[in-house]
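The values are calculated or read from the model by the stated rules, or taken from the named source; none is laboratory data. Predicted model, so just to flag it, every value in this text is computed and none were measured. All Cβ positions, glycine included, derive from the backbone under ideal geometry; neighbour counts span all protein chains shown.
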Number of protein chains: 2
Amino acid sequence: MTLDASVASRLKRNEDGLVAAIIQHDDTKKVLMLGWMDDEALSRTLTEGRVTFWSRSRQEYWRKGDTSGHYQWVKSVEIDCDGDALLIAVDQVGAACHTGKTSCFDEGGPLQCISRENR
Amino acid sequence: MTLDASVASRLKRNEDGLVAAIIQHDDTKKVLMLGWMDDEALSRTLTEGRVTFWSRSRQEYWRKGDTSGHYQWVKSVEIDCDGDALLIAVDQVGAACHTGKTSCFDEGGPLQCISRENR
């Protein structure tokens, strides 16, 4: 599947041909995960209505939900000012994280940090 | 500045020693930008109360707001399930994007995509 040329020309891919894709729940605005896409994965995501990533660890396409049932239905896709990151709003079915948590950022709990309030 | 060992041990850095950092506005939940951090940048971010990135293009530390006045005050920092991405909630002063837009994802407008509603 060929990515539309007008989109492809705006992408600034890393040395592996990938751009980062931030997945955000459209309703709750919770950030669910960060994945990676090559042109093919982005093309599938834009045209199929479900999010497809490139899995760097498995070196294969990974359409979210095919094994887990935890589909990510695409609501909108935005590209950032320098073309190396995508923000994808989704309707998330079930948990986004393979650990069963709603978000991949729920797993470890917050890191200890200084904020303006407690400095 | 040395990153706390309990945090450093959880990071899965890329070949350049970096992890991705998603910046989200704490109030509006808007995703503002994606930056990159090495151990030093994360350590400064956790201890100074303001976000510091590693700039891949300039190859230098970049404390957001030092030149623009558009500070990012840290509210919380979370790490994802596999340790290669951070989610940082901030109070953003002014525009997050160097283009003057609120978010770096506001610049180009949404890409055309098929969603469940219009398939």
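Just to be sure I understand, how many residues within segment A:44-56 are polar (S, T, N, Q) and more than 13 Å from chain B (Cβ to nearest Cβ)?
Quick first cut of segment A:44-56, residues polar (S, T, N, Q) only: A:45, A:47, A:52, A:55.
Next cut, more than 13 Å from chain B (Cβ to nearest Cβ) only: none.
Result for segment A:44-56: 0.
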* Residue list for segment B:1-22, filter: facing chain A (nearest Cβ under 9 Å) and either of a type in the set (A, V, I, L, M, F, W, C) or in a strand (DSSP E or B) (or both) -> B:Val7, B:Ala20, B:Ile22
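Can you tell me which residue within segment A:23-43, out of those that are among the charged types (D, E, K, R) and under 13 Å from the mean Cα position of the chain (by Cα), is nearest to the other protein chains (Cβ to nearest Cβ)? Walk me through how you get there before you give the answer.
Initial filter on segment A:23-43 (among the charged types (D, E, K, R)): A:26-27, A:29-30, A:38-40.
Checking which are under 13 Å from the mean Cα position of the chain (by Cα) leaves us with A:26, A:30, A:38.
On the way: A:Asp26: 10, A:Lys30: 8, A:Asp38: 15 Å.
Ranking the qualifying residues of segment A:23-43, first place goes to A:Lys30.
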* Selection from segment A:92-119 of residues that are in contact with a Ser or Thr (Cβ under 9 Å, 6 or more places away or on another chain), touching a residue at least 40 places away in the same chain (Cβ under 8 Å) and not small (Gly, Ala, Ser) -> A:Gln92, A:Cys97, A:Thr102
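Before we move on, is A:Asp91 of a type outside the set (S, T, N, Q), buried (at least 23 other Cβ atoms within 10 Å of the Cβ) and in contact with an Asp or Glu (Cβ under 8 Å, 6 or more places away or on another chain)? Steps first, please.
Numbers: of a type outside the set (S, T, N, Q): yes; buried (at least 23 other Cβ atoms within 10 Å of the Cβ): no; in contact with an Asp or Glu (Cβ under 8 Å, 6 or more places away or on another chain): yes.
Taking the combined requirement at face value, the residue does not satisfy it.
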* **Residue in segment A:90-97 that is within 16 Å of A:Met37 (Cα to Cα) and more than 7 Å from every other protein chain (Cβ to nearest Cβ) present** => yes
* **Matching option when the condition is at pLDDT below 95 and of a type outside the set (Gly, Ala, Ser), among A:Glu60, A:Glu15, A:Glu40** => A:Glu15
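Hey, among the residues in segment B:64-119 that are in a strand (DSSP E or B) and of a type in the set (Asp, Glu), which one's farthest from A:Thr47 (Cα to Cα)?
Going residue by residue through segment B:64-119, those that are in a strand (DSSP E or B) are B:72-79, B:85-92, B:110-111.
Of the ones still in play, those that are also of a type in the set (Asp, Glu) are B:78, B:91.
Values: B:Glu78: 32, B:Asp91: 35 Å.
So the residue we want is B:Asp91.
Take B:Leu46 and decide whether it is part of a loop (DSSP other than H, G, I, E, B) and within 19 Å of B:Asp80 (Cα to Cα).
Details: part of a loop (DSSP other than H, G, I, E, B): no; within 19 Å of B:Asp80 (Cα to Cα): yes.
So B:Leu46 fails the test.
Given the condition loosely packed, with under 15 Cβ neighbours inside 10 Å and out of contact with any strand residue (DSSP E or B) (no Cβ under 8 Å at 6 or more places or on another chain), answer yes or no: does some residue in segment B:30-53 qualify? Walk me through it before giving the result.
Taking segment B:30-53 and keeping what is loosely packed, with under 15 Cβ neighbours inside 10 Å, we get none.
Scanning segment B:30-53 turns up no residue that is loosely packed, with under 15 Cβ neighbours inside 10 Å and out of contact with any strand residue (DSSP E or B) (no Cβ under 8 Å at 6 or more places or on another chain).
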* Asked: Which members of segment A:57-82 meet the condition of being at the interface with another protein chain (Cβ under 9 Å from one of its Cβ atoms) and touching a Phe, Trp or Tyr at 6+ places or on another chain (Cβ under 6 Å)?
  -> A:Glu78, A:Asp80
